[in-house]
Amino acid sequence: MPEVPTLDKLGADFVPQIFYGYAVRAATPPKRIEQLRAAFKEAIEDQEIRAHMRRIDLTPGWIEPKIYEHTLRKVADDAERIREYLKK
């Protein structure tokens, strides 16, 4: 619905976003990590999987590991800011 303004356009203090990802233990062998990363990337780029994700209101996309880590840290920081905001 392009005519409906988004929360951020309306000046909302916080706009919720949800990210799904995976994590492995620090002791996981690098080769295994690369295999997992390749498999997940292949899956997320598969058109049938992308179509299914859209049908259940998910926005499929691959985020490089360092960028994803930065994103998760920002989400954690935002959560702390929201907690403080709600105390007011």
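The values are calculated or read from the model by the stated rules, or taken from the named source; none is laboratory data. Everything numeric in this text was worked out from a predicted model, so none of it was measured. Positions of Cβ are generated from backbone atoms using ideal geometry, with glycine treated the same way; all protein chains shown enter the neighbour counts.
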remark   = Of the candidates 31, 41, 9, the one satisfying the condition of being loosely packed, with under 11 Cβ neighbours inside 10 Å, outside any loop (DSSP other than H, G, I, E, B) and out of contact with any His (no Cβ under 9 Å at 6 or more places or on another chain) is 31
Residues that are loosely packed, with under 10 Cβ neighbours inside 10 Å and of a type outside the set (D, E, K, R), drawn from the stretch 44-58 = 47, 56
ask   = Looking at residue 50, is it at pLDDT 90 or above, at negative phi and not in a helix (DSSP H, G or I)?
value = no
inquiry  = Condition first: surrounded by fewer than 13 Cβ atoms within 10 Å (Cβ to Cβ) and among the acidic types (Asp, Glu). Now tell me which residues in the stretch 70-88 satisfy that.
reply    = 77, 80, 84
task = Write out, first by first residue and then by second, each pair whose Cβ atoms fall under 7 Å of each other, whose residues are 6+ apart or on separate chains, and whose first residue, in the stretch 1-19, is modelled with pLDDT of 80 or more while the second is β-branched (Val, Ile, Thr).
result = 7/15; 8/15; 19/71; 19/75
message = Looking at the stretch 53-68 only, could you name the residues that are without any contact (Cβ under 8 Å) to a residue 40 or more places away in the chain and not in a helix (DSSP H, G or I)?
response = 56, 57, 58, 59, 60, 61, 62, 64
